[in-house]
Each structure stands twice: as C-alpha cells, then as structure tokens.
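Read the structure below first, then the notes.
Each value in this text was obtained by applying a stated rule to the coordinates, not by laboratory testing. What you see is a predicted model; the values in this text were computed from it and never measured. Ideal geometry is used to build each Cβ from the backbone, glycine not excepted, and the neighbour counts take in all protein chains shown.
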Amino acid sequence: EFDSQRHFATDYFRSDRFPEKCIVFEVEKGYLKGDSVIKKSKVWVVQNLFDCNSCHATQSNPDSRFCHLCGAKIAAPNGLPVDSLPEFEPTPITYQRFADSMLRHGKTDKAREYLMSGLDLDGNFAPIMTRLADILGHESKFADALELLNKANLIKPDPKTREKIQAIETKLNIFKQAQSLKLAPEEFEKLLNLIQK
C-alpha cells in the first residue's frame, strides 16, 4: 500500500480492479536504513478517491470532479484533474504480483481471481499457470493442477515446473489409490492432509 513517508507517486491511475492506494508499479527503487528512509521509492498508484486541495475533505464519490463541501475542482496530488487520470491497464505480470501478495496474506480466493484475470489477458502466460496450479494442488485438485503444469511446461520448459509436475503426478497417484480403497471420510481427510505436506 502507498505510504507517503516511504513512496513518491509519480503517476496516479483509476481502477476498480485493484485496492485503493495500492502500488501497481515501482518506477525507481527506494532505500531504507533500518526504519529510516534514505530515498523514497518512485511508484505508480491506483487511487479513485482524493482529498480536496482547498478544504481537505475526501471525495465521497469517485466520479465527482468537484468538492462536495467547497466546490473546488478535485485534483490528484500530482496536479492533474481527477477526470483526466487514465484507467490503469494491467499486464499479466501485474496480476501475478497481486496474486503473490494475496497468497502471502492467506487470501487464496482473491489470489485466484487475480490469476484468472491474468490468464484472461494472456492464456499462455506460464508463470500464472504455475501459480494457479499451486493453488489447485493445495486444494487437492491434482488433475487440474497437472493439466496446467503440463501446459505451462510446453509453453516455457523449466526444470522447476518439471519437478512440480512429478510431485503432482505422485500426489495424484496416491489420491487415486486412496479413492479406490473407499476409506471412511475422516481417514480419507487424514490421507489428504498427509499428501499436502
């Protein structure tokens, strides 16, 4: 998330696909020493609601061009009127980065949404396929994960992807054998938990 103490926004964009005040691109790296900021990172930020430069009231509606309290024209901190801010056009890599962030925060469903949006832009983007396969594997959807990994490996052969394919194939075989044993639901659940480790 954008923090004016650590970041300098070079450009602002509108978007209903990304969280308010999120950083969508780092133009130039910043530097920290401990907790002290040596140099702020230069970033692009998605923002839909701004504060009025005259009375400092926050916009109540992202479509309003004038302050609802004093009537002044609303402008982004870089001086551009809010109605002239461009819509952010994400790339598959943008979606991948946001998915990775969601996974770090334990938000698997949101990560899946970002990955699916990335695949909508480029259905042959191998890094997104492998991330989505990881999620599917953790959900014990081994056949779907294997299909994605094989496709990703055809598009962009990679030893790490090959390792993942072998691991998923093993899990899928164990899963199929466990299904054929017709275990009690709680025993099957225990086995699934063991497979996931």
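A simple charge model with +1 on the Cβ of Lys and Arg, -1 on the Cβ of Asp and Glu and nothing else charged puts the dipole of the chain at about 560 debye relative to its Cα centre. Centre-to-centre separation between the Cα atoms of the stretch 44-58 and those of the stretch 142-197: 48 Å. Ordering Met116, Met102 from the fewest to the most neighbouring beta carbons within 10 Å gives Met116, Met102. In the frame of its principal axes, the stretch 1-75 has Cα extents of 42, 27, 16 Å, reported largest first.
Relative to the 2.2 N^0.38 Å rule of thumb, the stretch 92-196 has a C-alpha radius of gyration ratio of 1.14. Arranged from fewest to most other beta-carbon atoms within 10 Å of their beta carbon, Ser15, Ser36, Ser101 become Ser36, Ser101, Ser15.
Treating each Cα of the stretch 154-197 as an identical point scatterer and summing with the Debye formula, the log10 of I(q)/I(0) at q = 0.33 Å⁻¹ comes to -1.14. Residues Cys52, Cys70 in ascending order of nearby Cβ atoms (within 10 Å, fewest first): Cys70, Cys52. Using θ = phi - 60° in the Karplus curve 6.51 cos²θ - 1.76 cosθ + 1.60, the 3J(HN,Hα) couplings for the stretch 88-97 round to 6, 9, x, 10, x, 5, 4, 4, 4, 5 Hz; x is entered for Gly and Pro. Over every Cα atom in the stretch 2-131, the radius of gyration and the widest Cα-Cα span, Dmax, amount to 16.8, 51 Å. Using a cut-off of 32 Å between Cα atoms, the listed pairs Lys160/Lys182; Lys73/Lys107; Lys40/Lys107 include Lys160/Lys182; Lys73/Lys107 as exceeding that distance. For the chain, the longest principal axis of the Cα atoms and the long axis of helix 142-155 meet at an angle of about 70 degrees.
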